[in-house]
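Step one of this worksheet: look at the structure below.
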Amino acid sequence: MSLDEIEAELVLMGEKKFRAKQIFQWLHCKRIFDFDEMTDISIQLRKRLKEKFCTKRLFIAKRLASSIDNTVKYLYRLSDGNYVETVLMEYSYGHSICVSTQVGCKMGCRFCASAIAGFVRNLEPSEILMQIYETERDSGLRVSGVVLMGIGEPLDNYDNVTKFLRLLSDKNGNDLSLRHVSLSTCGIVPRIYDLAELHFGLTLSVSLHCADNDKRSEIMPVNLTYNMNSLIEACRYYFERTGRRVTFEYAVIDNVNSSDADADRLADLLRGMNCHVNLIPVNTVKERNYRTARAGVEDFAKRLGKRGINATVRRTLGSDIEAACGQLRRDAIDHSTNGGADN
């Protein structure tokens with residue numbers, strides 16, 4: 001609930017509006033989720049809050065820590081028994097967290113593990129936010145950046161995701177500037193226009209992965225609905241409205257989108273745009289046969305550079321713990337289906 005929503009509820013309960021700010025700060029500043037511990041609120045009000053409201057928690061089902069680069073991957077069990085994944089990453093400037101926005105994914109990208117176990121439901125704003133709060137509690141670290149690039153398509157859960165962003169940045173609570181947030185989408189075009197009008201100031205990160213409509217449709221079914229041309233037009237609009245440079249994610253896949261001709265097509269597509277291309281060695285997924293040669297990614301970047309396109313190769317984090325999202329959830333579902341017990 002937003003601060004305004006809590007205020008409205010308290011007024012209906014016959015309470016003073018200022019109590020809402022106290023409760024909001026207990027939740028988002030002090031990270032106290034038990035009403036009994038909100039000690040500057042009367043015992044009577046605490047009792048009424050317990051009768052009327054609840055705070056849903058996340059439970060750590062599995063925690064994997066990399067011995068290479070301090071990346072930590074969490075498998076969280078939700079209150080309904082479903083699972084999502086969260087990744088904590090260490091950089092020179094601080095710690096960033098990658099959060100999930102849905103239980104599963106509908107988009108069906110061929111190289112992604114998140115869609116294999118199927119789509120179940122959208123995450124509530126609190127469930128997205130609690131991935132941050134619980135990870136900070138467990139790690140003892142403060143997160144300085146947030147990436148919406150875990151399980152799910154954020155713009156397919158638009159209302160909950162935008163409410164999460166407002167909660168995350170509320171000056172009365174967590175107060176994280178949305179300039180430190182990156183939202184990754186496979187390209188739901190109408191929602192990119194909607195997002196541009198909100199002027200959140202976040203970075204739009206678009207999973208492009210091909211510069212040819214036919215090829216992109218083969219590996220990303222969303223392209224059949226919102227083709228590449230309409231997507232690029234929406235990205236140009238996003239920059240015009242927000243002044244924020246768009247990042248294009250491009251997973252370089254051997255024998256799919258890795259040729260010199262593919263690099264040339266990508267450069268032609270993005271010519272004149274204020275953008276950055278983030279090249280990614282594709283993650284190994286056991287159900288898929290996609291592979292990437294690291295040298296091929298470097299060569300791809302050099303070719304783009306010669307064509308005037310700003311491109312870098314993403315640093316691979318947590319490779320020893322399979323930090324790419326979707327794999328732990330899939331294994332947990334398989335384990336449960338086969339009669340295993342969770343810790």
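The values are calculated or read from the model by the stated rules, or taken from the named source; none is laboratory data. These numbers come from a predicted model, not from an experiment. Glycine also receives a Cβ, built like all others from the backbone with ideal geometry; neighbour counts cover every protein chain displayed.
For the reader, a short list of remarks on this structure follows.
- Of the residues G150, G104, the single one that is modelled with pLDDT under 95, within 13 Å of the chain's Cα centre (by Cα) and closer than 21 Å to S169 by Cα is G150.
- Whichever residue in region 83-101 is assigned to a strand (DSSP E or B) and over 18 Å from R137 (Cβ atoms) and, among such residues, is modelled with the highest pLDDT: Y83
- Residue within region 57-64 that is of a type in the set (G, A, S) and free of Cβ contacts under 8 Å to residues at least 24 places away in the same chain present: no
- Cβ-Cβ contacts under 6 Å between residues 6 or more apart (or on different chains), taken from a first residue in region 189-201 that is surrounded by 14 or more Cβ atoms within 10 Å (Cβ to Cβ) to a second residue that is of a type in the set (D, E, K, R), are listed as A196/R241; G201/R179.
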